[in-house]
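What follows draws every value from the coordinates through simple rules; no lab data is involved. This structure is a prediction, so every number in the text was calculated from the model and none was measured. Note that we place each Cβ from the backbone using ideal geometry, even for glycine, and neighbour counts take in every protein chain shown.
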Amino acid sequence: MADDDMFATQKQEILSTTLVQRTFRVQVNFEESIMSKFISFLRFIEFDENIALLYQIKGQWSTKRRPQPEDSDEPEPSEYFEATDVPSISKNNERKVWLRIKSMATEYLARYPQTLEEDMVIL
């Protein structure tokens, strides 16, 4: 979350933690469930509109969350809202999410000075 995020305190409250950092193993295939969780979390982090919408999303999550029967094979639902099921909220928010992904990709790719072709020659 950005240092200048005007909703930082509220987002921490919604997540029930002051630690708003997550690690995701990003995949090439955007259909992988981890990618949906990653994009969802970025929607939460990048959100800067009406904060009541995030509280509403958490409220919807709370009502969907039902305890599983003891003999269920389904994973136990998290007791904390993790912002990994946040729907598309607005065009502005989606734009910010994809700009953040682009920025992150550029930053991480810059750590590798050689091209893939150069690496293949070395190997």
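Scanning segment 19-59 for residues that are free of Cβ contacts under 8 Å to residues at least 24 places away in the same chain, farther than 21 Å from ALA105 by Cβ and surrounded by 11 or more Cβ atoms within 10 Å (Cβ to Cβ) turns up ASN50, GLN56, GLY59. Scanning segment 14-43 for residues that are in contact with a Lys or Arg (Cβ under 7 Å, 6 or more places away or on another chain) and either outside any loop (DSSP other than H, G, I, E, B) or more than 17 Å from ASP3 (Cα to Cα) (or both) yields ILE14, PHE24, ILE34, PHE41, LEU42. The residue that is farthest from ARG100 (Cα to Cα), counting only those in segment 15-50 that are of a type outside the set (S, T, N, Q) and more than 14 Å from the chain's Cα centre (by Cα), is GLU31.
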